[in-house]
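Accompanying notes for the structure given below.
The values are calculated or read from the model by the stated rules, or taken from the named source; none is laboratory data. Since we're looking at a predicted model, the values are computed, not measured. Cβ sites come from the backbone with ideal geometry, for glycine too, and all protein chains shown count toward neighbours.
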Amino acid sequence: MMASGQETSSVPTRETFYSNLNGTSTLEISLMASGAPACMVLRFSIVAVLVCTVGIVLKPWQRFLLEFCTLVLPCVIGVTLLSDFALPFLVIGIVTSLTLLWVLFKHITSNTTQTSADQKQLTLSALGDVTHSPQKLQFVTAYRVYAMITTVICILAVDFVAFPRRLAKTETYGTGLMDLGVGCFTLANALVSPEARGTFRQVKGFNSGLQAIGKAAISAVPILVLGFIRLASVKATDYQEHVSEYGVHWNFFFTLAAVSIFSSICLTLVSPHMSGILSMVLAASYQNQLTNQGLAEFVLHGDGGIDSREGLLNANREGLVSCIGYLVIYLAGVQLGRFLFLPRTLLREYFVMFLQLCIADVLLWAMLYVSVMSVEPVCRRSANLSYIIWIIAYSIHLLACFLLVEILSTVANHGLRETPKKTEQNDSPKDTQPIPDPSLISAFDYNLLLMFLLGNLLTGVVNMSINTIDYPPFTGFVTVTGYMFIICVVAQMLHKYEKRIKFW
């Protein structure tokens with residue numbers, strides 16, 4: 001009987017499975033995140049070799065399968081079966097891509113009639129003078145989409161033992177992969193906001209300001225409705241929830257709505273040009289309240305420090321207070337977006353931007369170290385200063401990586417267009433077509449928030465159908481892969497038929 005009791009106690013319960021987690025290192029999370037840009041390079045190199053050396057023209061369904069296997073499947077594997085091998089997995093992906101690109105380069109050079117001087121001129125042109133003025137910054141799109149893809153993967157994967165507990169949301173302090181979710185989503189929205197893209201018209205006058213704020217509040221109503229729908233469905237189905245994440249009633253959608261409304265108020269009163277300065281002032285003031293005015297103690301332990309959940313304020317203290325931190329992230333994202341969307345024409349200007357992002361990222365990681373050591377460790381529950389810096393540093397790291405991929409892809413496409421082949425049956429430089437951007441990334445971007453809603457719906461269905469923590473790692477991996485395949489198929493079909501479903 002005692003042996004039986006010991007076996008029973010060793011099986012994790014729902015509560016212990018999600019509670020008291022301390023996260024992992026920021027280095028491991030960054031290595032895992034770097035797999036996304038590596039996936040983009042892998043997909044590009046495979047398509048380039050197939051098209052340019054083998055001469056295969058992929059059919060739409062073949063292209064979809066290839067992109068799913070190169071852009072999404074490695075992300076699922078990276079957080080489940082191979083989560084303990086982030087660095088080797090990343091290195092293998094990069095080495096495979098470089099090998100394929102070397103094969104492509106050898107094929108091109110063996111079929112060219114250029115002189116060495118011409119080749120040097122082409123190389124110099126590709127590195128600096130290539131015109132690159134896209135209507136849409138693909139590296140920003142890639143960041144936004146992969147932030148969503150990772151979130152959608154994790155919200156189901158976390159329910160299986162295949163997903164390591166160190167990557168799940170931390171209880172109080174620490175950094176887990178899932179702690180990035182709402183922070184990165186907030187910053188991703190800010191990057192493409194009208195204020196960031198320079199299409200926002202500053203209102204003048206008190207009445208105009210009130211009208212602008214009113215419009216922002218009205219536009220947030222659909223998101224609030226989604227929040228209430230999620231709240232009702234969670235309570236009605238007795239779905240497991242981690243109260244210390246947002247509180248008893250609060251959820252992700254309420255945070256999005258609050259940030260949308262309050263950012264509109266801030267950017268109505270203050271010019272978007274000043275959003276960076278405003279974010280720094282607000283961050284310093286907020287951290288002062290957390291550290292010196294007892295706000296952190298209230299967030300973590302409630303009134304009187306007795307972990308009370310009595311009353312709406314106590315019950316939802318994490319969600320309510322952390323909105324300030326997410327507002328800071330949004331304002332910083334607006335400033336970052338204004339920098340990213342500055343007019344640029346030549347590829348060398350994008351390379352300069354890449355270097356500037358790298359310098360900013362190094363400084364931010366140094367600031368994070370100082371903040372963690374001298375102020376307070378990263379705390380998702382309060383979205384404190386360290387959390388804010390971490391989200392921005394992590395996001396700039398990813399943006400820089402995706403920008404480098406876009407630069408390399410542009411150079412490669414330019415080389416494929418401009419390198420003439422030996423004259424064979426009237427071949428010309430125009431016969432070589434550039435490698436297109438991933439259609440699956442465009443498909444996700446077309447209905448980004450809808451894919452998150454679909455992921456939440458399917459996650460609920462899976463959890464209500466099976467007891468996920470009873471399944472072995474491989475079964476969990478297969479389940480998450482099938483779930484992601486369904487979401488990707490829906491995204492691709494909606495994009496193919498130009499069905500943008502937007503009711504928020």
## Note on the structure
Cβ pairs under 7 Å, 6+ apart or interchain, first in segment 349-375 and under 30 Å from THR131 (Cβ atoms) and modelled with pLDDT under 95, second surrounded by 18 or more Cβ atoms within 10 Å (Cβ to Cβ) and aliphatic (A, V, I, L, M), ordered by first then second residue, are TYR350/LEU403; TYR350/ILE407; PHE351/ILE407
### Message
If I ask for residues that are surrounded by fewer than 20 Cβ atoms within 10 Å (Cβ to Cβ), in a helix (DSSP H, G or I) and of a type in the set (Ser, Thr, Tyr), which ones from segment 460-478 would you list?
### Response
SER465, THR475
### Query
Going through segment 249-275 one residue at a time, which ones are assigned to a helix (DSSP H, G or I) and of a type in the set (S, T, N, Q)?
THR255, SER260, SER263, SER264, THR268, SER275
### Task
Can you confirm whether segment 319-327 contains a residue that is in contact (Cβ under 8 Å) with a residue 24 or more places away in the chain, farther than 28 Å from PHE253 by Cα and β-branched (Val, Ile, Thr)?
no
### Query
Looking at segment 384-398, is at least one residue in a loop (DSSP other than H, G, I, E, B) and modelled with pLDDT of 95 or more?
yes
### Task
Could you list all residues from segment 32-87 that are touching a Pro at 6+ places or on another chain (Cβ under 9 Å), aliphatic (A, V, I, L, M) and not in a helix (DSSP H, G or I)?
VAL79, LEU81, LEU82
### Summary
Of those in segment 213-231 that are of a type in the set (A, V, I, L, M) and either within 24 Å of the chain's Cα centre (by Cα) or within 13 Å of PHE254 (Cβ to Cβ) (or both), the residue surrounded by the fewest Cβ atoms within 10 Å (Cβ to Cβ) is VAL221
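Yes or no, residue by residue, for (1) at pLDDT below 90; (2) under 25 Å from GLU349 (Cα atoms); (3) among the β-branched types (Val, Ile, Thr); (4) out of contact with any helix residue (DSSP H, G or I) (no Cβ under 8 Å at 6 or more places or on another chain):
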position: LEU101; (1), (2), (3), (4): yes, yes, no, no
position: THR113; (1), (2), (3), (4): yes, no, yes, yes
position: SER133; (1), (2), (3), (4): yes, yes, no, yes
position: MET148; (1), (2), (3), (4): no, no, no, no
### Query
How many residues does segment 364-383 hold that are within 20 Å of the chain's Cα centre (by Cα) and either under 16 Å from THR170 (Cβ atoms) or in a loop (DSSP other than H, G, I, E, B) (or both)?
6
## Note on the structure
So, first residue charged (D, E, K, R) in segment 81-104, second residue crowded, with 16+ Cβ neighbours inside 10 Å and outside any helix (DSSP H, G or I), Cβ within less than 8 Å, six or more apart or across chains; the pairs are ASP84/PRO164
#### Entry: Which numbered condition SER264 fails, given (1) farther than 19 Å from THR172 by Cβ; (2) touching a residue at least 60 places away in the same chain (Cβ under 8 Å); (3) among the hydroxyl-bearing types (Ser, Thr, Tyr); (4) surrounded by 14 or more Cβ atoms within 10 Å (Cβ to Cβ)
(2)
### Message
Yes or no: segment 192-207 includes at least one residue that is surrounded by fewer than 17 Cβ atoms within 10 Å (Cβ to Cβ), among the small types (Gly, Ala, Ser) and modelled with pLDDT under 90.
### Response
yes
## Note on the structure
When restricted to LEU231, LEU278, the only residue modelled with pLDDT of 95 or more and part of a helix (DSSP H, G or I) is LEU278
